[in-house]
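Comments concern the structure below.
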Amino acid sequence: MKPSDFTPAVKMKSYACQRRTPLKHHNLFLTDALETLAQNAEFSENEGRSVAFRRSASVLKALPHVVRAMDELKDLPCLGEHSLRVIKEILEDGTSSEVESTRQSEQFQAMKALTGIFGVGVRTADRWFREGLRSPLDLIHTGQKLNHAQQAGVQYYKDLNTPVTKKEAVVISDIVEKTVKAVLPGAIITLTGGFRRGKEVGHDVDFLITHPEEGAEERLMPKIVNCLEDQGLLLYQKTTVNSYLESKDGPARPASNMDRFERCFSIFKLEVDSETHAEGSLSNSCSTHHSGSTWRAVRVDLVVSPYSQFAFATLGWTGSKLFERELRRWAGQEKAMSLSSHALYDSKQQRYLRANSEEEIFTHLGLEYIPPSERNA
Ligand code: TTP
Ligand code: MN
Ligand code: MN
Ligand code: MN
């Protein structure tokens, strides 16, 4: 008997927000391949193609078993012709020629290296690639004009491409918690992003900050940033004010998926235990101080939300990115609602739906509640 004969048919829902997607799944050999093609599509700014590959990969992440044969896929949603062709090749030959040649290509490798610099997006990386640049070092050698974010990105390149561990996230959580509470007693600090979904490593650490007294959180970020700077904890920061407060136009739908909270994209200077830190580290940012203590650069995102929007902000900042995208698509296409990190608008009732918890938002959307650890779509 084929392995598939033992596998009960899985009735897979078509939106990722209708499914449970654990962090650890059974089909990494397939999802890695599909996500390589998704990333390559992003590099050529082909969003439709990229999302199609990400949706395919996400369906395989939600399967409770290893895929061994094509017939196991016949009732699954979202698997397009191109994805199926790639999967078939991997099941038959062990690898996909398209995926392998993508990974080998000079353009893909250069785009990965260049977009891996903090502050560098696909447009900039692509322009540099066409000018013959391939790596952060090429930028330095050719004396490229860089903005402040990119300068920090190049300066701390190695540290920022070293995954942040859960342990480091906990240390940073303590620092952020103490600092924010010193600035605004009673503030609530939530770890969001990948670490809230149970990831053991991340590319940054994300925090959402609020206060039960509506309005107490206004203009909070500059005070937090000053306090962090006074402690010598920031290597870089860029604070963006709340554009809602500025525009006074209420919780309307944001023009893009970017929310409009007061936020700070920062780079922390994190003290590293010198005993657990490899001696003679090659890290370009690591320096030895007086007492032999060392540090490393870590990306930290801080977001401040009014209490009334906190449930939406929490849901919006927990991710994964595909899960968020699918929630919004579900809201719009299936419920005639508009979901953002600020609010949920019901077009039929022509009113905003309030929520004090993520659970209530899922209920408004007619979705079964999915806990953060199962949002790894
Ligand atoms: P990220 O920190 O980019 O991703 P992540 O935490 O899931 O994974 P990683 O380990 O690589 O850091 O984003 C976290 C969430 O924040 C994600 O769901 C999208 C959301 N987000 C916004 O809502 N608005 C924004 O402007 C950005 C940058 C992110
Ligand atoms: Mn993150
Ligand atoms: Mn982030
Ligand atoms: Mn180091």
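Please tell me if Arg328 is more than 30 Å from Leu233 (Cα to Cα), assigned to a loop (DSSP other than H, G, I, E, B) and either more than 12 Å from ligand 1 (Cβ to nearest atom) or open to solvent by 40 Å² or more (accessible area, probe 1.4 Å) (or both). When the stated conditions are applied, Arg328 does not pass them. Restricted to helices (runs of 4 or more DSSP H) entirely inside segment 27-98, those with at least 3 residues that are of a type in the set (Asp, Glu) are 28-43, 81-93.
Of all residues in segment 171-182, none that is under 19 Å from Glu217 (Cα atoms) has its Cβ atom under 6 Å from the Cβ atom of a residue that is of a type in the set (Ser, Thr, Tyr) and open to solvent by 80 Å² or more (accessible area, probe 1.4 Å), 6 or more apart or on another chain. The numbered conditions (1) over 26 Å from His25 (Cα atoms); (2) within 15 Å of ligand 1 (Cβ to nearest atom) are all true for Val171 except (2). With respect to the conditions (1) over 27 Å from Ile188 (Cβ atoms); (2) over 20 Å from the mean Cα position of the chain (by Cα); (3) in contact (Cβ under 8 Å) with a residue 24 or more places away in the chain, Leu322 lacks only one, and its number is (2). Between Leu228, Leu234, Leu160, the distinction of being more than 16 Å from ligand 2 (Cβ to nearest atom) and either aromatic (Phe, Trp, Tyr) or touching a residue at least 40 places away in the same chain (Cβ under 8 Å) (or both) belongs to Leu228 only.
Here Phe118 clears all of (1) more than 30 Å from Lys238 (Cα to Cα); (2) hydrophobic (A, V, I, L, M, F, W, C); (3) open to solvent by 20 Å² or more (accessible area, probe 1.4 Å) except the condition numbered (1).
Name the residue that is farthest from Lys61 (Cα to Cα), counting only residues in segment 331-342 that are open to solvent by 10 Å² or more (accessible area, probe 1.4 Å) and assigned to a loop (DSSP other than H, G, I, E, B). This residue is Ala336.
The set of residues from segment 297-314 being more than 16 Å from ligand 4 (Cβ to nearest atom) and within 13 Å of the chain's Cα centre (by Cα) comprises Val300, Asp301. When Glu98 is tested against the conditions (1) touching a residue at least 60 places away in the same chain (Cβ under 8 Å); (2) crowded, with 17+ Cβ neighbours inside 10 Å; (3) closer than 30 Å to Met12 by Cβ, the lone failure is (2).
So that you can scan it fast, the table gives a plain yes or no per residue for (1) under 25 Å from Glu213 (Cβ atoms); (2) touching a helix residue (DSSP H, G or I) at 6+ places or on another chain (Cβ under 6 Å); (3) at pLDDT 95 or above; (4) β-branched (Val, Ile, Thr):
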| site | (1), (2), (3), (4) |
| --- | --- |
| Ser281 | no, no, no, no |
| His289 | no, no, no, no |
| Tyr307 | yes, no, yes, no |
| Thr318 | yes, yes, yes, yes |
| Asp346 | no, no, yes, no |
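Cβ separations smaller than 6 Å between residues 6+ apart or across chains give the following pairs from segment 190-208 residues that are more than 6 Å from ligand 2 (Cβ to nearest atom) to residues that are among the aromatic types (Phe, Trp, Tyr): Thr192/Trp317; Leu208/Trp317. Being of a type outside the set (Phe, Trp, Tyr) and within 26 Å of Thr162 (Cβ to Cβ) is the requirement here; does Val67 meet it? Here the answer is no, as Val67 does not meet what is asked.
Assuming Glu218 fulfils every condition listed in (1) over 30 Å from Leu23 (Cα atoms); (2) part of a helix (DSSP H, G or I) apart from one, which condition is it? Among (1) over 30 Å from Leu23 (Cα atoms); (2) part of a helix (DSSP H, G or I), the lone unmet condition for Glu218 is (2). Could you go through segment 214-221 and let me know if any residue there is away from ligand 2 (no atom under 16 Å from the Cβ), among the small types (Gly, Ala, Ser) and surrounded by fewer than 18 Cβ atoms within 10 Å (Cβ to Cβ). Taking every residue of segment 214-221 in turn, at least one turns out to be away from ligand 2 (no atom under 16 Å from the Cβ), among the small types (Gly, Ala, Ser) and surrounded by fewer than 18 Cβ atoms within 10 Å (Cβ to Cβ).
The values are calculated or read from the model by the stated rules, or taken from the named source; none is laboratory data. The shown structure was predicted, so the numbers you read here are calculated from the model rather than taken from an experiment. FYI the Cβ positions are ideal-geometry reconstructions off the backbone, even for glycines, and counts take in every protein chain you see. Side chains included, ligands, DNA and RNA excluded: accessible areas come from the protein's heavy atoms. Shrake-Rupley method; radii C 1.70, N 1.55, O 1.52, S 1.80 Å.
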